Amino acid sequence: MNYRKDIDGLRAFSVLPVIFFHAGFTSFSGGYLGVDIFFVISGYLISGIIIYELSNEKFRIFNFYERRIRRILPALLTVLFFTFSVSYFVLLPGEMHDLSQSLFSVIAFASNILFWVKSDYFAIESELNPLLHTWSLAVEEQFYIFFPLMMIAIWGLRLKTQILVLVAILILSLLSTTKLVPMDQSGKFYLLPFRAWELLTGVLAAYISIHFLSDSFRKSKAANWLSFFGLILIALSILFFDRNTPTPSLLTAIPCFGAFLVLLFSEESSISGKILGNKLLVFIGLLSYSAYLWHQPIFALTRIVSINEPSTLLLFFLIFITFLLAYLTYILIETPFRNRKKVQYKTVILTVFPISLILGFIGLSGHFLKGFPDRFNPEDLKDYIVYAESVSDCLNTELPENWCISPENAKVAILGDSHADAISQSLKGVLGSSDIFLDKIVFPCLPILSTSRVDKGNLINCENQNNLAYEYLKSNEDIEVIILHARWPLYVESTRFNNLEGGIEYGNDVFLTSTLGEDKSKKLAQKDLYYIFQKSIENYLELGKLVVLIYSVPEVGWHVPTVATRSRLMARENFEISTSYERFQSRNKNVYKILDSLGDHQNLVRIYPESVLCNSYQKGRCTAYYEDKIFYGDDDHLSLLGADLISKLILKEIISNARNK
């Protein structure tokens, strides 16, 4: 297959949007589609070589894999070595543990499987994964393990039969991205069966180009406009698709079809050929593989070290560094290793495989050693692990495992989600000092009857847990106080927290749904929230017990132990972590309206965490870390120290209520 400048230009047209997307430039909301276009290009080029060699009886499977090793591994190992070396000095143990897992999975060409299990590509936390982008290399290499063998198997068939086999697999793979196949969207994004159709689109283009497309038609007006139309499809997809576009899907067939048209019909004198044949684009295209490898570690490590999101100026500087390193890698690593005359196969093997084994061993070691914590002085990590052990001495018998029923006759029960769990250990200690025992009833739901939650599109049925908890509290005459606590704004606003100062919480958005309606996956409207919250809390009040309603704990946006520890290691002076009280108020405006709408009741006590966490240490700020006091265990759950502040308020109210009776 002859060299085509426009294909290198198309590579540039693919890698630049990916880089700009990962930089966070909103104009390139569909920039991630550059990887899809890369798949089509790769399928076209590799199958073109295989078809040519099979036709001339020159194809050798050994030579094929040797070419793939020369093309992929030297540059990849260079970037992996750099990434680990820098990470060793800047990542904390938990981060290093995750990177070590990623490192090993990359060496095993299975990082797409690891990331499917562990992360969502479009989640904000993925921006901090230095090796996230290697998922696409894993998909490609998995494809090329099987594809040459399939080509050998079908090569003896008639040409039309070969094409029918390929088209049938392509269609099945494309249809698998729809709802016909029950797989979560993250699995469809990362795994080969749901991506094979993109590579096969390129394979089909190679078949058509070699066997059916004449040079005269490629130079015709029809071909000219078809290739230009393909380029427009790619550009429009990059500009108008976004994180919410199902990927891969029938919609993402649009840019892939665009790449298909460009590969088939573009040539030097066509409109698309002139655009893509531009010297700058061709140059960028030559660097595209190395640029793709470098950009994510550079962006991610910069974001990890910084507290705030990098400025636009810094991001452009990082892009410049990306292409500078890509150029050096292309000249010093890629080009020599791809030249069989300069670097013999024996040299490749003696270089690539030992380095791969060493990096793989380092990855495994980092996993089993929990991120090499011995790199640090234990004193420097004192803020890094702040969670107390969970409530122990549980007498659960046949109750759900996330409950903790006291062996003694508990007078107080705390009911709620992980925010309730976060204060339970502190509460147990504070109440225990007054000989008051605690039952803990927590699960990943609001302590509100007739509600469930939808997370990542999956319905988590909370009705049974809530009903079981209610019946337990109703039948237990020893319990005199019911404490209700949850992360109210997450459910009411249905979004993760952004403190508007650079701290953006990681994770998927969630929303509440009612188990009373016909559609149990439909988001509850605000007016329905008022009714369901009121009705549920009234049900608890009707039990004749004291109900303590804990309002919202201020969210932070930054992972407090990580930021505090890194700041300590970097010797930042007078460092504190806080967020705007005004932002807390705006975030919780609807929460307070709903909880306040319950009105006053003789058995209802309200606790306001903001009263001790906001405006106490700094006016107009909600404090998370101050003068070596760390009040949070992550970006929204309280540490033991922070929980103690709330627990003392609760004890005060319980004692006060007991005296007034």
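Projecting label points 7 angstrom from Cα along Cα→Cβ for residue 217 and residue 324 puts them 4.9 nm apart. Computed from the C-alpha gyration tensor, the three semi-axes of the ellipsoid equivalent to the stretch 525-661 are 32, 18, 12 Å, from longest to shortest. Among 405, 423, 331, pick out the residue whose Cα is farthest towards the positive end of the charge dipole of the chain, where Lys and Arg carry +1 and Asp and Glu carry -1 on C-beta, about the Cα centre. In the chain, that residue is 331. Counting heavy atoms of the protein chains alone, residue 364 has an accessible area of about 70 Å² for a 1.4 Å probe.
Residues in the stretch 258-297 near a label at residue 335, defined as backbone nitrogen under 13 Å from the 7 Å Cα→Cβ point? Residues passing the 13 Å test: 283, 286-287. Per residue, the convex hull spanned by the alpha carbons of the stretch 18-57 comes to 43 Å³. Counting only protein heavy atoms and using a 1.4 Å probe, the accessible area of residue 558 comes to about 30 Å². From helices alone, the chain scores -18000 deg cm²/dmol at 222 nm; the rule is -39500 (n - 2.57) for each run of n ≥ 4 DSSP H residues, then divide by the residue total.
Taken over the Cα atoms of the stretch 99-192, the convex hull encloses 97 Å³ per residue.
Taking every DSSP beta bridge that has both ends in the stretch 523-661, the antiparallel portion is near 65%. Too long at a 29 Å Cα-Cα cut-off: which of 382/648; 179/274; 346/370? Pairs exceeding the cut-off: 179/274; 346/370.
Hydrodynamic estimate: the Kirkwood radius of the stretch 1-112 over Cα pairs, inserted into Stokes-Einstein at 4 °C and 1.567 mPa s, corresponds to D of 77 µm²/s. Over all pairs of different C-alpha atoms, the stretch 460-555 has a mean inverse distance whose reciprocal, the Kirkwood radius, equals 15.4 Å. A straight Cα-to-Cα reach below 22 Å connects residue 652 with the lysines 411, 428, 440, 545, 661, residues fewer than 8 places away in its own chain not being considered. The gain in end-to-end length when the residue 316 to residue 63 segment is fully stretched comes to 87.1 nm, 0.36 nm per residue minus the alpha carbon separation. Where both bridge residues fall in the chain, DSSP classifies roughly 50% of the beta bridges as antiparallel.
Counting only C-alpha contacts under 8 Å and six or more residues apart, can you give the relative contact order of the chain as a whole percent? Relative contact order of the chain: 15 percent.
Over all orientations, the stretch 174-279 has a Cα convex hull whose mean projected area works out to 7.7 square nanometres. Subtracting the Cα-Cα distance of residue 350 and residue 183 from their residue separation scaled by 0.36 nm leaves 56.0 nm.
Here the stretch 186-250 and the stretch 264-319 have alpha carbon centers that stand 20 Å from each other. Computed across the stretch 69-150, the Kirkwood radius stands at 13.4 Å (inverse of mean 1/r, all Cα pairs).
Distance from the alpha carbon centroid of the stretch 555-627 to that of the stretch 3-78 works out to 48 angstrom. With the Kirkwood sum run over all distinct C-alpha pairs, the chain has a hydrodynamic radius of 28.0 Å.
The values are calculated or read from the model by the stated rules, or taken from the named source; none is laboratory data. Nothing here was measured: the structure is a model prediction, and the numbers come from that model. Note that we place each Cβ from the backbone using ideal geometry, even for glycine, and neighbour counts take in every protein chain shown. Surface areas here come from the heavy atoms of the whole protein model, side chains and all, with no ligands, DNA or RNA. Shrake-Rupley method; radii C 1.70, N 1.55, O 1.52, S 1.80 Å.
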